[in-house]
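K.L.:
Dropping the structure in here first, questions after.
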Amino acid sequence: MTDKTHSKTDHTSLITELATAGRLAQRKLARATDAEKADGLRAAAKVIRADAAAILAANEKDMDAGRANGLTGALLDRLKLDEDRLEAIACAIENVASLPDPVGEVIDSRTSPSGFGLERVRIPIGLIGIIYESRPNVTADAAALCLRSGNAALLRGGSEAIHSNRALHAAFTKGLAEVGLPEKAIQLMPTQDREAVGAMLKAAGLVDMIVPRGGKGLVARVQQDARVPVLAHLDGICHTYIHADANPDMAREIAVNAKMRRTGICGAMETLLIDANFPAGESVLAAIADAGCELRGDDRAQKLDSRVKTATSEDWDTEYLDAILAVSVVDDIDGAMEHIAAHSSGHTEAIITDSDDAASRFLGEVDSAIVMHNASTQFADGGEFGLGAEIGIATGRLHARGPVALEGLTTYKWQVKGSGQARP
């Protein structure tokens, strides 16, 4: 389907048409069995492998356009597909197919005082709109997770990956059709017009939830303009606190990994907090700096390593997504948790300590979606949590928190089973 410019009225009509078709397909999908949905995903993975040449050719068009438009090396790397990455996409779809189907799970059950049975049962959310940038693998990941959880999806990828997304979407829906599942359950927006995104964000009653995946600008716009519930996080300002009782070797290894393994992911550590009574702060900062990271810190942090530059107030609230780290020396665990409460985005925080009491306090009192003990924040990932692919990380307090996978894409309903009761 070719891209074209639409008027405001056309955008509303387009979203209404797509959403109506998606909702109808979702009702058909709701009648599919667990095995049928799993077979559909395996068929989609098979077609992606069979159509690899066409998908890679489409991706090369996007790569050529990206180079011509001056995309950075990091963005080009996100965009690039090759045989190994395409195989990883197919494997990820098959992994989702192998996960337990959450739909129909009885969350809890009881008997009411009036004698009828009550059950809370998981059901799909409905039609989920997913807005994302750069990475074409999101097309397949989002489609697989939505389908497995019984939801329809309306996908809107970034313009830089337009040919890749269309090729992956065509292969995926071809696989669904081969096993008799509705192709319209997974739709790709046929236009890159920004106004169409605005129409989708305002489509309350047609779109049940929006999931943005991308940079701060995209997520901020979605959260500001949406009239549909949004599942998202704006920043990944993740902290690691090295407690006074931390093992120095462990602290050094985890801190370097948390920052430098991959600096551009939302689970990368952006601020390191070092307890004033930790005896090996110098060696930790030296290891991070030697790994090629720029350090910005407060007065006490600067005394630990001469390479630490003076931090500004903005550094404590910045998601660098780069080899830059803010460092503060704190008096104790209370000081660390106060700093986190003031500056965290609610994504992921970690404590490094051999003290069970300190770990228990930190895990219990720090209010973020993910809290860790003696582990790198880089593990903040649905795959690492055993959830398969994830659709994103949620930092809000409602519906879902942390990596959002199949369970996070469901809601529930009450089923009441009576035996003739009439309320007096």
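K.L.:
Considering only residues that are touching a Ser or Thr at 6+ places or on another chain (Cβ under 7 Å) and not in a loop (DSSP other than H, G, I, E, B), look in the range 393-410 and name the one that is surrounded by the fewest Cβ atoms within 10 Å (Cβ to Cβ).
P.N.:
If we take residues in the range 393-410 being touching a Ser or Thr at 6+ places or on another chain (Cβ under 7 Å) and not in a loop (DSSP other than H, G, I, E, B), then Thr410 is surrounded by the fewest Cβ atoms within 10 Å (Cβ to Cβ).
K.L.:
If you don't mind, another one. I'm checking my understanding of the structure. Among residues of the range 277-310 that are of a type in the set (Ser, Thr, Tyr) and more than 18 Å from Ala258 (Cα to Cα), which one is nearest to the chain's Cα centre (by Cα)?
P.N.:
Going through the qualifying residues, I end up with Thr310.
K.L.:
Which one of the conditions (1) of a type outside the set (S, T, N, Q); (2) out of contact with any helix residue (DSSP H, G or I) (no Cβ under 7 Å at 6 or more places or on another chain); (3) at pLDDT 95 or above does Pro100 fail to meet, given that it meets all the rest?
P.N.:
Here Pro100 meets the rest and fails (3).
K.L.:
A further question follows. Taking the range 388-424, which residues are over 22 Å from Asp235 (Cβ atoms) and among the hydrophobic types (A, V, I, L, M, F, W, C)?
P.N.:
Ala389, Leu406, Leu409, Trp414, Val416, Ala422
K.L.:
Here's another thing I want to ask about it. Going by the conditions given, is Gly346 under 22 Å from the mean Cα position of the chain (by Cα) and either of a type in the set (Phe, Trp, Tyr) or outside the structural domain of Ala251 (by TED's automatic domain parsing) (or both)? Give the derivation first.
P.N.:
On the way: under 22 Å from the mean Cα position of the chain (by Cα): yes; either of a type in the set (Phe, Trp, Tyr) or outside the structural domain of Ala251 (by TED's automatic domain parsing) (or both): no.
It is false that Gly346 is under 22 Å from the mean Cα position of the chain (by Cα) and either of a type in the set (Phe, Trp, Tyr) or outside the structural domain of Ala251 (by TED's automatic domain parsing) (or both).
K.L.:
Can you tell me which of (1) part of a loop (DSSP other than H, G, I, E, B); (2) buried (at least 16 other Cβ atoms within 10 Å of the Cβ); (3) among the small types (Gly, Ala, Ser); (4) within 21 Å of the chain's Cα centre (by Cα) is the one Gly264 doesn't meet?
P.N.:
(2)
K.L.:
Is it true that some residue in the range 269-286 is in a strand (DSSP E or B) and surrounded by fewer than 21 Cβ atoms within 10 Å (Cβ to Cβ)?
P.N.:
No: the range 269-286 contains no residue that is in a strand (DSSP E or B) and surrounded by fewer than 21 Cβ atoms within 10 Å (Cβ to Cβ).
K.L.:
So which of Glu338, Glu319, Glu314 is among the acidic types (Asp, Glu), in contact with a helix residue (DSSP H, G or I) (Cβ under 9 Å, 6 or more places away or on another chain) and not assigned by TED's automatic domain parsing to the domain that holds Leu155?
P.N.:
Step by step, each of Glu338, Glu319, Glu314 is checked, and only Glu319 is among the acidic types (Asp, Glu), in contact with a helix residue (DSSP H, G or I) (Cβ under 9 Å, 6 or more places away or on another chain) and not assigned by TED's automatic domain parsing to the domain that holds Leu155.
K.L.:
Does Ser98 meet the test of being surrounded by fewer than 19 Cβ atoms within 10 Å (Cβ to Cβ) and touching a Leu at 6+ places or on another chain (Cβ under 6 Å)?
P.N.:
Numbers: surrounded by fewer than 19 Cβ atoms within 10 Å (Cβ to Cβ): yes; touching a Leu at 6+ places or on another chain (Cβ under 6 Å): no.
The answer is no for Ser98.
K.L.:
Related question: List the pairs whose first member sits in the range 23-35 and is in contact (Cβ under 8 Å) with a residue 60 or more places away in the chain, whose second member is exposed (fewer than 13 other Cβ atoms within 10 Å of the Cβ), and whose Cβ atoms are under 9 Å apart, counting only residues at least 6 apart or on separate chains?
P.N.:
Final answer for the pair search is Ala32/Gly180; Asp34/Pro100; Asp34/Gly104.
K.L.:
In the range 152-170, what residues are touching a residue at least 40 places away in the same chain (Cβ under 8 Å), surrounded by 24 or more Cβ atoms within 10 Å (Cβ to Cβ) and closer than 18 Å to Ile48 by Cβ?
P.N.:
Ala153, Ala161, Ser164, Ala167, Leu168
The values are calculated or read from the model by the stated rules, or taken from the named source; none is laboratory data. Please read all numbers here as calculations on a predicted model, not as lab measurements. We place every Cβ from the backbone using ideal geometry, glycine too, and count neighbours over all the protein chains shown.
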